[in-house]
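The values are calculated or read from the model by the stated rules, or taken from the named source; none is laboratory data. Keep in mind that what you see is a predicted model, and the values were worked out from it rather than measured. Note that each Cβ is placed from the backbone with ideal geometry, even for glycine, and that neighbours are counted across all protein chains shown. The accessibility values were calculated without ligands, DNA or RNA, using every heavy atom of the protein model including side chains. Shrake-Rupley method; radii C 1.70, N 1.55, O 1.52, S 1.80 Å.
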Amino acid sequence: MRGTTLLALLALVLLYLVLGALVFQALEQPHEQQAQRGLGETQDKFLRDHLCVSQQELGQFVEEVATALGEGADPGTNSSSNSSHSAWDLASAFFFSGTIITTIGYGNAALRTDAGRLFCIFYALVGIPLFGILLAGVGDRLGSSLRRGIGHIEAIFLKWHVPPELVRVLSAMLFLLVGCLLFVLTPTFVFCYMEKWSKLEAIYFVIVTLTTVGFGDYVAGAGPRQDFPAYQPLVWFWILLGLAYFASVLTTIGNWLRVVSRRTRAEMGGLTAQAASWTGTVTARVTQRAGPATPQPPPPLEKERPPLPPALCPAQPPSPAPPEKTETPSPPTASALDYPGENLAFIDESSDTQSERGFAQPRTARGRRRPNPVRKPARPRGPARPRGKGVPV
């Protein structure tokens, strides 16, 4: 069953990937071809205007520009406009380190030195698990705070006599709405104002970042216009809280699914017990109708009932004493059936009474010991023990 489910899930994911590939190809390939044609026309125009430049030299220049852009250089920055801007200042390096441990990896700035790449290997191996622990703790605390606040609203709804099922649905929707308002919509407007992006570009950057995809075509604070040193560190703290919120949402969904699964198993267990009870009842009725004269086996409690007190002295002949003197006290049925310890104590007491009333020999002449000597009080043994009255000689 699990193998079939896994294969079905794999087929569904592959179908989803093929669907996405077809849609992206249909949307992006015409734009790529148009950009390629535009680049070729620009090169031809540049070569016609500058006859002293060959096509090979122009191609080499374009490759150098692309390499410089990959290393973090900005073609709009020169020594006269903004010489202090750097893609590797402290704030930008802090943001780059944050993209490593969050596994976003925008790619707008990449490491070009062997020492930097070697350090990045060990830095990622240590930093990613450490950030995962931090993310779990922050997500738990953030989710608890949001749920506590929403709990007060649930109490208000319950005071208004709203059905509990509807309150649960409203609280879940409110939890998602508050999180989206704090970590999706508000940063969207902030990035529109700070980066001069459109609303679509801003929401695209937010979703790509919080899903840790990180294409790198849009990066907050990467342009030379941002001269606020704490801007990118603040963006990283927003990433931390946003990822923690999504982690808490996934944890809540997982807990809900676990509760639903547990309740389903409990209900199935109850149905199984009811079916077994119904089957036993039907079987008993059919058996009674099929053979009413068949003797039924005794109940388990009757099997466990101890033997009567006279069975402890099989060697003695029956006593000719009057019936009123040879009667043994009847055991308390409730305590004898319910508690084995009290049952053994009753055997001791009954055997003592029978010995005093119906046997002339002392206690030491008995063939076996009592089952429970701990509960029996100490009695004198030997010839000094008085014999019972009325015993025939």
**Check on L27, more than 30 Å from E63 (Cα to Cα) and at pLDDT 85 or above** = no
**Item:** Test result for I133, part of a helix (DSSP H, G or I) and open to solvent by 30 Å² or more (accessible area, probe 1.4 Å)
**Value:** yes
**Prompt:** Can you name the residue in region 145-162 that is of a type outside the set (V, I, T) and open to solvent by less than 40 Å² (accessible area, probe 1.4 Å) and, of all such residues, is nearest to Y245 (Cα to Cα)?
**Reply:** L146
**Prompt:** Within region 84-129, how many residues are in contact (Cβ under 8 Å) with a residue 60 or more places away in the chain and part of a helix (DSSP H, G or I)?
**Reply:** 7
**Message:** Just to be sure before I move on: is E165 open to solvent by 50 Å² or more (accessible area, probe 1.4 Å), among the acidic types (D, E), closer than 24 Å to V249 by Cα and part of a helix (DSSP H, G or I) in the structure I sent?
**Reply:** yes
**Prompt:** Identify, please: which residue in region 255-276 is open to solvent by 70 Å² or more (accessible area, probe 1.4 Å) and more than 30 Å from R147 (Cβ to Cβ) and is, among those, modelled with the lowest pLDDT?
**Reply:** L271
**Prompt:** Would it be correct to say that F175 is open to solvent by less than 70 Å² (accessible area, probe 1.4 Å) and under 21 Å from G214 (Cα atoms)?
**Reply:** no
**Request:** Sort out which residues of region 109-124 are of a type in the set (G, A, S) and modelled with pLDDT under 90, and write them in order of number.
**Result:** A109, A110
**Request:** Evaluate the following for Y218: is it outside any loop (DSSP other than H, G, I, E, B), open to solvent by 50 Å² or more (accessible area, probe 1.4 Å) and more than 22 Å from G254 (Cβ to Cβ)?
**Result:** no
**Request:** Could you please find all residues in region 98-124 being surrounded by 15 or more Cβ atoms within 10 Å (Cβ to Cβ), farther than 14 Å from W88 by Cβ and more than 29 Å from the chain's Cα centre (by Cα)?
**Result:** Y106
**Prompt:** Do you know which residues across region 192-210 are in contact with a helix residue (DSSP H, G or I) (Cβ under 8 Å, 6 or more places away or on another chain) and not charged (D, E, K, R)?
**Reply:** C192, M194, W197, S198, A202, I203, F205, V206, I207, T209, L210
**Request:** Determine the pairs where a residue that is part of a helix (DSSP H, G or I), located within region 136-150, has a partner that is open to solvent by 40 Å² or more (accessible area, probe 1.4 Å) with Cβ atoms under 6 Å apart, the partner being 6 or more residues away or on another chain.
**Result:** I150/L174
**Fill in**
Residue pairs qualifying under the 9 Å Cβ cut-off, at least six apart or on distinct chains, with the first in region 193-210 being in a helix (DSSP H, G or I) and the second being basic (K, R), are E195/R225
**Fill in**
V213: passes all of (1) open to solvent by 50 Å² or more (accessible area, probe 1.4 Å); (2) without any contact (Cβ under 8 Å) to a residue 24 or more places away in the chain; (3) closer than 20 Å to F95 by Cβ but (2)
